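The values are calculated or read from the model by the stated rules, or taken from the named source; none is laboratory data. Quick caveat, the model's predicted, so the values are computed rather than measured. Reconstructed Cβ throughout: ideal geometry from the backbone, glycine too, with neighbour counts over all protein chains shown.
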Amino acid sequence: MGVRITKDGNHEPEINDRIIKGRAAITKLNSILWNRDVTPKTKTHIYHAIIKSTITYEAETWCLKAIKLQWYGYVQRMEEGRLPKEVMEWCPPGRRKRGRPKLTWAEGIRGLKGEKGLTLIVLMWRIG
């Protein structure tokens, strides 16, 4: 499951999808939530375990992915010779050690960028 970000960096479609799924969970649990035999404490546990977790699933990654993409765009727009740009473009020689991540940070960004169709935006930032 991935996070959908529009070409302008907006998370609205993903947030709206989460809200719809949360409402669907509430609808399915209405018989339990309105049951007078179920204690308020149990209802609270159900809310936190099912409804809240459904609504906020991957919410913490929405901002992180947007921040990563913003940082990437910022560094790409830097003048040649700037240290952050050189560090981002540097590729260490040799192989990675066992147990290391399969993707580098830059490869992950490239995948995210391609996934979201953001290559045009980076180019537009460079021109504009």
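Quick rundown of the values:
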| quantity | calculated |
| --- | --- |
| Evaluation of residue 83 against (1) on the phi > 0 side of the Ramachandran plot; (2) at pLDDT 80 or above (one fails), failing number | (1) |
| Test: residue in region 11-32 that is modelled with pLDDT under 85 and not in a helix (DSSP H, G or I) | yes |
| Cβ-Cβ under 8 Å pairs, at least 6 apart or on other chains, region 104-115 side closer than 16 Å to residue 70 by Cβ, far side modelled with pLDDT under 70 and among the aliphatic types (A, V, I, L, M) | 112/118; 113/122 |
| Scope region 79-95; condition assigned to a helix (DSSP H, G or I) and over 11 Å from residue 106 (Cβ atoms); matching residues | 83, 84, 85, 86 |
